[in-house]
Each structure stands twice: as C-alpha cells, then as structure tokens.
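Some notes on the structure that comes next.
Computed from the coordinates by the stated procedures, all read-outs in this text should not be read as laboratory data. Predicted model, so just to flag it, every value in this text is computed and none were measured. Glycine also receives a Cβ, built like all others from the backbone with ideal geometry; neighbour counts cover every protein chain displayed.
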Amino acid sequence: MVTSVNSATIYGIEACVVTVETDISDGLPSFDMVGLLSSEVREARERVRTAIKNSGFVIPPKRITINLAPGDLRKSGTYFDLPIAVSILASIGIIPQNMIKDYMFVGELGLDGHVVRVNGVLPIVLKAMDEGMKKCFVPSGNITECSLAKGIDIIPVDNLNELVGQMVSGELNSGISVPEVAMSYGDDYYDFSNVKGQVAAKRAAEITAAGMHNMLMIGTPGSGKTMIAKCMPSIMPLLSDEERIEVAKIYSVAGLNDGGISVMRPFRSPHHTATVASLAGGGLNPNPGEFTLAHRGVLFLDELPEFSGRAIELLRQPLEDRVISISRMGGKYVFPSDFIFLGASNPCKCGYYPDRNKCKCTEYDVNKYMGKISGPIMDRIDLCVGIEPVTYEEINSNEKGESSEIIRKRVERAVCFQKERFKDTSISFNSQIDGRHIEEFCPLGKEERKVMEYAFSKLDLSVRSYNKIIKVARTIADLEEQKDIGKKHLIEAINYRSRYV
Amino acid sequence: MTREELWIWYATLLDEPNGVTYKTFESTRQIKEVYEAGIDQLVEQYKFSKKEAEQIEKSKGSGKLEICMKRMREGEIQFVTVEDKLYPERLKQFEDKPKFLFYKGNLPKEYLPTVGMVGARACTNYGRNMAKMLGEELSSNHIQIISGLARGIDTYSMIGAISGKTPTFAVLGSGVDVCYPTENIELYEEILNNGGGIISEFIPGSSPLQWHFPIRNRIISGLSDKVAVIEAREKSGSLITVEYALEQGKDVWAVPGRVGDSLSSGCNRLLKCGAGVLTSGYDIIEEMSDVVKDIKQLGATKDEQMEMMEETNLKVYRAIESYPQSITEIMKKTQLGYEKIIEILLCLQMSGVVEEISKNYFVRCIK
C-alpha cells in the first residue's frame, strides 16, 4: 500500500507542495528514491535510514520505493528528510495513517534522529495554509519565523523519536503557540537627530523616502554619506503586515531570519567587491541576492564607482521593473526587488574635488571616475545631492536636529497623500509614474510650464530627466500636502538633477 | 493718532521757525509719549526748555500736520522712518542720522554703489565739463550719483548722471515738493522719470532755509559710498559735506585744478591732505571694480532674464567666488534659507553666470 505525506520545496522564494509517496513491497531488500532529485535529496536516504535505526525502529528488509511528486519539478534542499522518515514509519504501521493526512512536514534529520533547522520554512508554512492543511510540523529551530503565519497549527519538532511518540499517543504539541517575535525598530544610533548639519542631504533623504525615489550622494570621504544612508530606514514608513510577510519570506529563504522580524525596512549594503551572483542572486537553484534582500527597503551601494561595471549595470532591471529575473537550466526565477537605491560616491579618485588645495586629479581623471557610473544608471537616479564635510562648529554644537520619528510622520503623511491620488491604479509611489501618466498625475500650471520650458532649453535636459524632475517635484509638493505642483517645488527638484547625464 | 501721523507730527517740529532742539527719538513709542506729555512733563522728564515745551504743545493743534498730510497725498510723497525696513542701510549706522525721510520716486538701491558729487554753485566751465563727464562715466557703470540739485556742480553732475542711465538721487534742503532753484524743474522731473528719487528730511512744502543746507549735507555724504568734490573754494559749503564724509569714514576724491584758481583751491588742499586724485570716472570705478564688474555681469544678460537684477541675486552672486563654494558656505555668507538659495542659484545657472562644477559646488563663469 502506498503512503503519501505532504512536504514542500522552495522555488525562487515561493514554496511548491511536494508529495512523498512510499511503497513497501516484497522482493530483494532495497531503498530507492526517484523524482528528479538533486544530490542533497538523494543523500537523504542514508540520513533517514540511520536516523530511523538510531531512534529505535527497525526498517524491514523489503523493497522500499520512494517517489517525490510531481516528477518534473527539480527537488533540492533538505526539507524531505522528515517527511520521508514519517512516510516510511507510516507505511510500516508505526505511525497511524490518520495522523498524516492534511499535515505537512519539513525538516532535515541528523543521524541520531534530531531535527535540524532548514531555510525557507515561512513560505512553506504559508503555502500549507493556502492549501488548506491543518497542521504543519517544522524543526523547532525555525519556530520564531513562523509567528507571521496565523491560522494554521505549527508544531515544533525536536527529534524523530519524540514525534513518533506524540503521534502514536495522539497527543500532539499542538497547544504550543508560537511566541510572538519582539518587534525590532533597529539601532537607535542611526537617527537623523544624530546627523549634524547636512541640511540639503537630510531634505533630499526625506524626499527620497516619501516618493521611493533613488538617490546618489556625492561627497568627500568622511562627510557622512554612509551615516545618512544608514538613517534612511528610520524615516521610511513602517512595513505593513503584508510587506512584513513578503520580507520575512525572503529572509526565511535566505536563512537570515535570526534577529526576529523587524517592522523597519531592510537595509542592505553590500561591499563593492560583491560579485554579480551575490547581488542578483545565484546558485544552481538561485538564492535571493542582495537586490532581493533589499526588497521593500534600501539598497545602499557605498563607493558606487568602485563596483565592477557589470555589477552596476545589473541595477538596470530592478530599477526599471522592480524585479530581477534569473534564467538557469532548471527554469526562470523571478525575485522581487523593489527597493530605494542609494548610491554614494566620491567626486573623484582622491575624493576632494573641487577643493584644489587637496585634489590633484585632472579634469580627465574626474570625468573618468564619475564615468564609471554609466549614463543609463545615472538616468534612473532621481535625486543627486552633494554631501559637504561637517564643520567644527557643527560637530561641537549640542543642537539636535529633527528626530527621525518626526520626519517619518511627514513621510507617512506624504505617502497617504499619494495613495489617495493613485487609488484605482497600480501605482503606489511617485517614482513609479511612467511617461504616459505624467500629464495625468502631475499637471503643471502656466507659470510652472514656463519654468520647465526655460530649464529644458537652458540646462540641456533629456526627456527622461525632464520627467524625473516633475516626479520629484510632485513628491516635494506631496510633503507639503499641496494638490498642485508649484514653481518652488520644480526649482528644488531641478536642483537635485544629476549633472553627469 | 496713527503711527504715521505721530511720526509726521514729529517731523513738523523740526520745521518750527525758532528751531526746536532736535531731540533724538527713535521709536513710535517714544514719540507717542512726548505727544501725550504735558508742558511740565516735557520740561522735567524730557529736558525741553520752557519755550520749546510751549511750542510743542502749540504744534498739536496747529493744523500743520493736516496740511503736510494733504501735500503728501497730492504730491505722491512717501515717508520712511528708522523703524522701517525700507530705511537706507547706509544711513542706519550714523549717530546723527535723520530719523525719517520724505521722498518722491525711489530711494537708492542698496546693492548698487553710490557716489556723492558736490562742488561750487558758481563753477567754471572746467568744473561744469568735469562734473558732466564724471557723472556720465560713473552712472553708465551702474553707480548711483547722489547730489543736491543746487546750481552749478550739483546740476551738471546730475545731468551727466541722467545720460548715464543709472538712477540718480537728489537730497534737498527744502521739502521734496519744492524745487529749488526753480530753474532746475526740468532736471527734477527727469530725475524722477529716470527711476531716481528726490529725498529730504524736511516736511513737504518747507522752504529752502539757510540752516537746512548744512544738515542736509550729512545725508548726501551718508548715502554715498564715496564722495567726489569737483570744484571748491578754500572756504566752501561743499567742504561741510567732505567733513561729514570723513567723519562717517567715507573716501573723498577731488578733481585737481590749476594752482592759483580760487575755485580749485579747496580741491587742491584736499588732494594735499590725501584725497583721491580724480581725473576720470574710471579712477573711482577701478576702486569699486569688484562690485561694478559683478553688476555688469548680471546686468549684461538682463534682457533674456526673468528678474535678474534682484538684490538677493546679487548678494548670492557676490558670495560665490572664482573658487568653488558649497551651498552651505553660500548659505552662511548670505544668511538666506536653503529654499531661497537654490532658487537663486538655479536662476544664476540658467543665465550662465554661475556654474555647478561638482554637485552642490558652485563657481562663477568667466566670460
């Protein structure tokens, strides 16, 4: 008789249900597994056999065939050890058949039968919920991240023996409620009240956060670019429940969910030696890369021109489509990557241009350095802002700037203001308005048109940068909760244009 | 009484024939207190003499105020007090500054340089030509000429200034609606038509009394960045202006004349004492070259501009130097807010006089 047990695997960042079928029949003793398995799944055979033996059960010397369905889906990962073991124990009658129906099992087994944590449990649990399963057995090491899944019984499993004991007696750990994870708000130090001076940069950061724009900061070494970038999450609207789940799923798959689930938006700052695969996501079964880990948050590339040219060009797709797609032999994976892109750069190689007392770079050197950020990438950056070194008086002044919380309140109001405008559309932020909709959402008055006409001819604007200026002006007006874009909004927006395009 | 009425009443006191001692009241509150005080209080508290106190008391119902107000309305005369924002910055620093000014037309622009031109009423042909030439040269280089509208040098300086196109300003020793000498009425009109102004601290309608002129001279020198003397005798009224100018710390320039010419003896003496030798308008322009150059640069592109010649624009432009300045530095220098600064910077960039050399770093364009 065939026993089937539900399990799941991860494809991209989504879970797919996999059924583990076990058949035990007479014949030469063997233990075979089929179903398009990767090597770590095939190795499960040895782990499962030893774990069952070490838990005190005997596998009969029969012909055991295990199939992981559907057969055309490539299975990878170590999710299947526990379901395979449960399925074998059920087919030899140790676990009652009625105890496995409508349940889902995931987990890796150690040789002594203990259950090891795996990555990607949250999407699996959510999938189980969608599929209408009643209970989900997960490694106890994964229990914290499951707190976001409400409406399904999550049962932590420590080892195989204990699980069998519970199933035989029918007294499952079902009463265990998953502990609510403490909300983390991030590090207090990274608050705008601790940023001294930097009026222009703070203002630009606020606009960036409110309209989900992209920003490039140019400044001398040690002027505070990194500090400002790190403060960014503190002024962005908190994650909504939906977004929290989205983010937690990604972190679950990447195995990074240790620190609890934050309501703050993620902040990723890969080093400039990062490879293409680590940024975009990679591996035979692609894991999320930095672009995806920054989803709904901030991707900060410090020393942007120092990144390899290929790495910088990779930004094109996420900045345009807000997803990144990776094609592999096994299929095409689409990872979400909707983030605020923050770049930081020195103005030249030595970092001090245009201070000619310190900078010895020639005009050619300066242009070459900034030229590493290609035109198409520059073209996708909405705000470009210069960061100036903090002066001695500013360091020593005890004056605290506005706290991030106050700024965040303003940003949240601006976000609401945008939501109102974009209801019934697929747009949620000003940065997402495309060329077709500029006229509709950002109409300009006669006076404002004149300013733009003048700027267009005098400042050599491209059509894309023209549109960008209007979008940024729209956000500035939203921060003031103004229905119409005014002249001063446009002027400020023009001031943030990137001048290397 | 309204604030303006109080001040104008105060102005009428100055015009009393016997000359009420000129007490320095600088605020509406003080004037109100004086207005409301009785004779005894005026004597005891404000240290007026008995006679003065009686005069003040009498002035309250004299109707002079009403006549003055009427003349102001009819003559489109404006009034500014030390308390007002419009009051010329150049005068503010002086101890004996006029506490109020009547004016027709405009007051001198703060951001344009000024040169006071004074000299003899009975001038020579040489003086006349020099005054005209200097007036025109300075005026065509955006310098505002301040003078007195008297006969002789004053008149010719202003005729020159009008052909130089920059507004010019006359400070009178009579009310602003009294043209003295009367033959200068055409010049008086032209000054106003040219965007300039007629200024006086005496109430409208007041006559050109002798004692008015010396105190009027302190306003001429006060409003001027530099004072030029074209022709003056050894003992001349023009030299009063020079004295005021030196007291106020202004540069004095003098046009040299022949030794022995009595009309040049005053000038030559000034030169001996170290005054600047003025042989051409460019001597002064050279000295003011920074300011004049800046204005020219901004002014040159004016036609294509929205409103370039705004005071604050020039302030920002002057803060930007030929080595790159960051926005913060410009903000510190000009004391303007971020929003205003970026608006002006954009305006300056569009007109091609300023360039953003690196993000947020600005530098002047060299044409």
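Worth a mention:
- Burial ordering of A:K225, A:K423, B:K97, fewest other beta-carbon atoms within 10 Å first: A:K423, B:K97, A:K225
- Zero-based 5 Å bins, Cα pair distances in the range A:1-116, whole percents: 2, 13, 24, 27, 21, 10, 3, 1, 0
- Beta bridges by DSSP in the range A:192-399, antiparallel share as percent, to the nearest 5: 35 percent
- The range B:105-226 pair-distance distribution - Cα-Cα, 10 Å bins, rounded %: 16, 51, 30, 3
- Calculated over the protein assembly as shown: convex hull of Cα atoms, volume per residue (Å³): 221 Å³
- Coil-residue trypsin sites (Lys or Arg not before Pro) of the range B:71-137, DSSP, other Cβ within 10 Å capped at 10: B:K85
- Rg of the Cα atoms in the range A:288-380, relative to 2.2 N^0.38 Å, amounts to 1.30.
- Taken as Cα centroids, the range A:271-340 and the range B:125-142 sit 73 Å apart, rounded to the nearest whole angstrom.
- Most mobile listed residue (B:Y35, B:Y46, B:Y111) in chain B, GNM with C-alpha springs under 10 Å: B:Y46
- Calculated P(r) of the range B:1-65 - Cα pairs past 21 Å, %: 11 percent
- Kirkwood hydrodynamic radius of chain B, from inverse mean 1/r over distinct Cα pairs, in Å: 22.2 Å
- Long-range Cα-Cα pairs in the range B:41-123 (distance over 20 Å), rounded percent: 61 percent
- Orphan Cys of chain A, criterion: no other Cys C-beta under 4.7 Å: A:C16, A:C136, A:C146, A:C231, A:C350, A:C359, A:C384, A:C416, A:C442
- What the phi angles of the range A:321-333 give under the Karplus curve with 6.51, -1.76 and 1.60, with θ = phi - 60°, is a coupling list of 9, 6, 9, 10, 10, 10, 9, 10, 3, x, x, 9, 10 Hz, glycine and proline written as x.
- Across the range B:101-173, counting alpha-carbon atoms alone, Rg and Dmax equal 11.5, 34 Å.
- Longest segment of chain B lacking GluC sites (Glu not before Pro) that sit in a DSSP loop with at most 14 other Cβ atoms within 10 Å: B:111-233
- Label sites at A:K483 and B:K272, each approximated as a point 7 angstrom past Cα along Cα to Cβ, lie 7.9 nm apart.
- What the pair-distance distribution of the range A:192-399 shows, using all Cα-Cα distances binned every 10 Å from zero, is 8, 33, 34, 18, 6, 1 percent.
- Segment A:E420..A:S38, full-extension length gain: 132.6 nm, with 0.36 nm per residue of separation and the alpha-carbon distance subtracted.
- Peptide B:353-362 is shielded by partner chain Cβ atoms: per residue, an average of 6 of them sit within 10 Å of its Cβ.
- Placed amide H near A:V116: partners under 5 Å, 5+ positions off or other chain: A:E108, A:L109, A:G110
- Along principal axes, Cα extents of chain A, largest first, whole Å: 87, 49, 44
- On Cα atoms only, tilt of A:121-130 relative to the major axis of chain A in degrees: 80 degrees
- For the peptide B:342-352, the mean number of other protein chain Cβ atoms found within 10 angstrom of a residue's Cβ is 4.
- Order of A:C442, A:C136 - criterion: other Cβ atoms within 10 Å of each residue's Cβ, fewest first: A:C442, A:C136
- Inter-chain Cβ neighbour count for A:384-393, averaged per residue, equals 3 (cutoff 10 Å, partner chain atoms only).
- Shown for A:K400, B:K315: other C-beta atoms within 10 Å of each C-beta, ranked fewest to most, produce the order A:K400, B:K315.
- Packing order of peptides A:58-66, A:159-167, highest average first: A:159-167, A:58-66 (average count of other Cβ atoms within 10 Å over each peptide's residues).
- Database remark: amide H of A:D153 closer than 5 angstrom to the amide H of A:C136 (H placed geometrically; neighbours at sequence offset of 5 or more, or on other chains; Pro and chain starts carry no H).
- Built amide H within the under 5 Å cut-off of A:T19, gap 5+: A:S7, A:A69
- Phi angles of the range A:419-428 translate, via the Karplus equation with coefficients 6.51, -1.76, 1.60 and θ = phi - 60°, into HN-Hα couplings of 4, 4, 5, 9, 5, 6, 10, 8, 7, 10 Hz per residue; Gly and Pro are given as x.
- The B:T312 and A:E14 beta-carbon pair, evaluated with R₀ = 41 Å, returns a calculated FRET efficiency of approximately 0.10.
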